[in-house]
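Shown next, in structure tokens, is the structure this report addresses.
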Amino acid sequence: MRISLGLDGRVFTLSGSLTVFKTKPATASEPPPGVHVIGPVVTAPTSDPAPLLQVYAPELLRVSAKTRLLRLAVFSSGDGKLQALLGSTNLGTASLRSGNNDIRFVLPRQLFSALRTKSVSNILQLTSVAPGGSKGATVTRRVLVQTPKKPKPKRRR
């Protein structure tokens, strides 16, 4: 084999040769001995796990009847999606990235009459979903509609 190293950035040639003896076939060597494992063997998951969630919001979320905007700060341990259910209504999914996420859902108008009273439809369920589709733990919060204050009557002068 011949290599030229003193050419500093110029094109060089690398050449080699191999001789095969067809009369002497190669034989396989024995595999190395197996590894001795101490303790139980834990199987690795075959798919990506769903990210872990931390929701930075109070247990009772107040939503303005004027804007109908539900806004949450969510910390995610990895990439994925956040699936939101309010009662039996699917609010949709939001993309999650690793770290802090600002999640917003605009609530449908038909939910507001049900949310003003205490019922099962007030429960918000937030579930993390992995990119492969496996679901993680569910975090719950209660939602209450906050009606706007009536304007004070204007004084006449």
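Measuring with a 1.4 angstrom probe and ignoring ligands and nucleic acids, LEU144 comes out at about 50 Å² accessible. For the chain, the relative contact order comes to 24 percent (Cα pairs under 8 Å, sequence separation of at least 6).
With the chain treated as a Gaussian network of Cα nodes joined by springs under 10 Å, which of ARG109, ARG62, ARG141 yields the largest mean-square fluctuation? Comparing ARG109, ARG62, ARG141 in a Gaussian network model of the chain, the most mobile one is ARG109. When only alpha carbons of the chain are considered, Rg and Dmax amount to 31.6, 117 Å.
Here the stretch 48-75 is scanned for amide nitrogen atoms under 13 Å from the site 7 Å beyond the Cα of LYS150 along Cα-to-Cβ, giving none. Of the residues SER64, SER77, the one with the largest accessible area comes first in the ranking SER77, SER64, computed with a 1.4 Å probe on protein heavy atoms. For the residues GLY39, GLY87, GLY132, a GNM of the chain with alpha-carbon springs under 10 Å puts the largest fluctuation on GLY39. Within the listed set VAL37, VAL129, VAL55, the residue fluctuating most in the Gaussian network model of the chain (springs between alpha-carbon atoms under 10 angstrom) is VAL37. Counted by Cβ distance under 11 Å from VAL106, the other residues give a net charge of +4, where Lys and Arg count +1 and Asp and Glu count -1. Cα-based radius of gyration for the stretch 19-70, normalised by 2.2 N^0.38 Å, reads 3.10.
The values are calculated or read from the model by the stated rules, or taken from the named source; none is laboratory data. Quick caveat, the model's predicted, so the values are computed rather than measured. Note that we place each Cβ from the backbone using ideal geometry, even for glycine, and neighbour counts take in every protein chain shown. Heads up: the accessible areas ignore ligands, DNA and RNA and are worked out on the full protein's heavy atoms, side chains in. Shrake-Rupley method; radii C 1.70, N 1.55, O 1.52, S 1.80 Å.
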